[in-house]
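A.B. asks: Shown below is the structure under consideration.
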Amino acid sequence: MNKVSITTLVAKLRSGQGSSLDLVNSCLDAIEKQDDVLNAFITVFAEDARRQARNADAAISDGHDIGPLHGIPISVKDMIDVRGTRTTAASHVRADHRASTDAALVTRLRQAGAIVIGKCNLHEFAFGTTGYESAFGFTRNPHSKQRIPGGSSSGSAVSVATNMAIASIGTDTGGSIRIPASACGVVGLKPTHGEVSLSGVVPLAPTLDHAGPLTSTVADAQLLFELLRQTPDEAPKKCQKTLDQTHFSVPRKYFFDKMDKDIASIFEHTVHTLEACGSVVTDVEIPHATEIPAVYLHTQLPEAALSHQLTLKTRPELYSPSVRARLELGRYVLAEDYLLAQHGREVLRREVDNALVKSEALILPTLPIVPPMLGDDSLTVDGETESVRALTLRLTQLFDLTGHPAISLPCGRIDGIPIGIQLVGRRHTTHELLTLAKQVESMINV
Amino acid sequence: MTPKMWYSYALQDASRRRIPELEPLITMLQQATIVLRQTNWTMPPSAKATDKESHEPS
C-alpha cells in the first residue's frame, strides 16, 4: 500500500522530482493489471486524466500552482456526479444518466488541482455493506480475493489499497466509508453530518447520508476534509491534547457482544499501546445501544423508499431483487414509527454526547468480524447466527444516526486481512478528531 | 395500528404484489417495530448540565 502522503507527492511534483503524468500512468497501469479481477472501477477516464496530468505538469513548468492536490489522481464513488459522464450508482436503473454538472465536492477537488481518474464500483445505490450487489459485478477484497471488500464504497477502498488512485471519495449512510476502509486496510473518514456538501450526490437516506475521503494516511484524510468541508468548526479551537493527555472511552455493552475473538484481542492490544503512551482508557455505556438497529431501520428504510419512489413505480425490474425488496420494505414503515425513531435518535445523540463529555473520543473496532466470503448472507459468531448486513453495520450505524464524526484506521491483520479501529469525536470537531487520529496512527502503525 | 395487524396487512400486500422476497424482511421489520415501541425513550439529562449542577452550591 502506498503510504507516501499527498503533501509529499505534491511537493515532489513541484520540485520536478516526478510528474503528474507519471503518477496518473502509474495508477492507470495498476488498474490495467488488477482491475479485471478486483472490479473496483465502473468508469475510467484514462485519456482525460492523462490530458489533465500534462496540463498540470505544464502549469508547474510555467510557475503556476493550482492547489494542494495539484496533479493528484483521485477516484470517486459512482454515486457522485462528474460533468459529462454517467453516474450509475451501480444500477441498471440509471443506465441512461448523464451528469450535466460536477457535484459540489468534485468542484472543490478540481479547484484544488485534483484529477478525477475514474468512478468506483459500489453496492447498488449504496444500499448494502458488502459490495456484492452491483449491476457491474461484485468487487473483490485485494487482500483475500474470495472475501468481500466491504461496502458500500467498495471500489473506492480497493482503489486506494491497490494504488489505482491516490485517494477516493465515498459516501456513508450506515458505515459505507468506514466498513470498506477497515476491510481493505485504508483510512476512511465520515465527517460530522452536513460538513461536506451532498449536492450532486445520489441520495439514499438524506438525514443519514455523509460524504468523505478514503486515503492511505490520516494526514491525507485531513487534507481532503479541509478542502471539502463547507462549514467551519462550531466548537472553539482548543489546544490539541497529546496522547498522554487524552481520555478514550470504550462503549462495550452491545458493541462487543458479537465480536470475533481475534478482533477483540487486537483491539485490546491497541488499547494497551495507548495506555502505554499515557492515555486513559475507560468503559462507557450507551444506555439505548440495544435499540440502535430498530431506530436505524425505521429511519433509513422509509427515507430510501422516498428517494426511489418514482423508479420503484416505473422501473422496479431494473433493480437487483435484494435491493428492490429492501427499498419496497421502506414503503411499509408507518409514519408514527418513523417519528418515534426520530425521537429515539435524539435520545441516542444525547447519549453519545454524554459519553464524550469526559473523553476526547470513543474507541472501538470498525467491524466485529473478519470480512466474510463473497456471497455469504449470514455468519455464526459465538454460536449465534446473524445476517452479514446486521453484523457489518453493528459498530458504525449509530454515528450516522447521531451525526458524530468517525474515522477508521488500520490497526492490525488476521491471516493477512486488515482490521480497523474506529475513533468517534464530538460533533463539529472533525478537525480535532483527525489530529488525534494522526497521533493514534503513529503509535499503532501497522 | 398494532404491529400484529400491520404484519398481517403487510404480508397480504406483498403477496398481492408478488414480491416474495419481502416476507422475511417484513418479519424482521415487525420485530424491530415491537422493540421501537416497547422502549422507554425518556430523554436523559445532558451530562454537561449535570456536571455544572453538581458544582453549584446547594
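A.B. asks: Taking a threshold of 24 Å on the Cα-Cα distance, which of the pairs A:12/A:119; A:33/A:145; A:33/A:190; A:253/A:438; A:261/A:358; A:3/A:77 fall above it?
C.D. replies: Cα-Cα > 24 Å for A:12/A:119; A:33/A:190; A:253/A:438; A:261/A:358; rest within.
A.B. asks: Okay, next question. Just for the Cα atoms in chain A, what are the lengths along the principal axes, largest first, rounded to whole Å?
C.D. replies: Principal extents (largest minus smallest coordinate, Cα): 60, 58, 42 Å.
A.B. asks: To continue, here is another question. Just report the Cα centroid separation between the stretch A:246-324 and the stretch A:1-45, whole Å.
C.D. replies: 32 Å
A.B. asks: For the stretch A:6-228, what is the Kirkwood hydrodynamic radius in Å, using each pair of distinct C-alpha atoms?
C.D. replies: 16.8 Å
A.B. asks: When chain A is modelled as a GNM with alpha-carbon springs shorter than 10 Å, which of A:78, A:172, A:65 fluctuates the most?
C.D. replies: Greatest mean-square fluctuation among the candidates belongs to A:65.
A.B. asks: Determine the calculated [θ] at 222 nm for the protein assembly as shown from helices alone, applying -39500 (n - 2.57) to every DSSP H run no shorter than 4 residues and normalising by the residue count; nearest 500 deg cm²/dmol.
C.D. replies: Mean residue ellipticity at 222 nm (helix-derived): -13000 deg cm²/dmol.
A.B. asks: To the nearest 0.05, how large is the calculated FRET efficiency for residue A:317 and residue B:42 if R₀ is 41 Å and r is the Cβ-Cβ distance?
C.D. replies: Efficiency computed from Cβ-Cβ geometry: 0.35.
A.B. asks: How many percent of all Cα-Cα pairs in the stretch A:194-332 sit more than 26 Å apart?
C.D. replies: The proportion of pairs with Cα distances above 26 Å equals 53 percent.
A.B. asks: Also, I was wondering about something else. Distance from a point 7 Å along Cα→Cβ of residue B:9 to each backbone N in the stretch A:293-331: keep the residues under 16 Å and list them by number.
C.D. replies: In the stretch A:293-331, the label zone of residue B:9 (backbone N under 16 Å from the point 7 Å along Cα→Cβ) covers A:329-331.
A.B. asks: Still on this structure, please answer the following. About its Cα centre, how strong a charge dipole does chain A have in debye, to the nearest 20, once Lys and Arg get +1 and Asp and Glu get -1 at the Cβ?
C.D. replies: Computed about the Cα centre, the dipole is about 680 debye.
A.B. asks: With every atom except the alpha carbons ignored, what do you get for Rg and Dmax of the stretch A:1-99, in angstroms?
C.D. replies: For the stretch A:1-99, the Cα-based Rg and Dmax read 15.2, 46 Å.
A.B. asks: Follow-up question, since we're still on this one. What aspartates and glutamates sit close enough to residue B:48 to cross-link, taking a C-alpha to C-alpha distance under 20 Å and skipping anything fewer than 8 places away on the same chain?
C.D. replies: A:233, A:234, A:283, A:285, A:346, A:351, A:353, A:360, A:432, B:56
A.B. asks: Would you please put A:178-184, A:372-378, A:114-120 in order of how densely packed they are, using the mean number of other Cβ atoms within 10 angstrom per residue and starting with the highest?
C.D. replies: A:178-184, A:114-120, A:372-378
A.B. asks: Distance in nm between label sites at residue A:445 and residue A:358, each 7 Å beyond Cα in the beta-carbon direction?
C.D. replies: Each label point is offset 7 Å from its Cα along the Cβ direction, giving 3.4 nm.
A.B. asks: Once you have the Cα-Cα distance between residue A:275 and residue A:4, take 0.36 nm times their residue separation minus that, and quote the gain in nm to one decimal.
C.D. replies: Gain on stretching residue A:275 to residue A:4: 94.8 nm.
A.B. asks: For the stretch A:396-446, go through all pairs of different Cα atoms, get the mean of 1/r, take its inverse, and jot down that Kirkwood value in Å.
C.D. replies: 11.7 Å
A.B. asks: Let me ask you something else. Calculate the tail of P(r) for the stretch A:249-311: the fraction of all Cα-Cα distances greater than 14 Å, expressed in %.
C.D. replies: Result for the distance tail: 71 percent.
A.B. asks: Putting +1 on Lys and Arg Cβ atoms and -1 on Asp and Glu Cβ atoms, find which of A:442, A:387, A:372 reaches farthest to the positive end of the dipole of the stretch A:363-446.
C.D. replies: Result: A:442.
A.B. asks: Can you give the mean number of other chain Cβ atoms that lie within 10 Å of the Cβ atoms in peptide A:294-304?
C.D. replies: 3
Each reported figure results from applying straightforward, stated rules to the coordinates on display, with no laboratory input. Everything numeric in this text was worked out from a predicted model, so none of it was measured. Here Cβ is always computed from backbone atoms with ideal geometry, including for glycine, and neighbour counts include all displayed protein chains.
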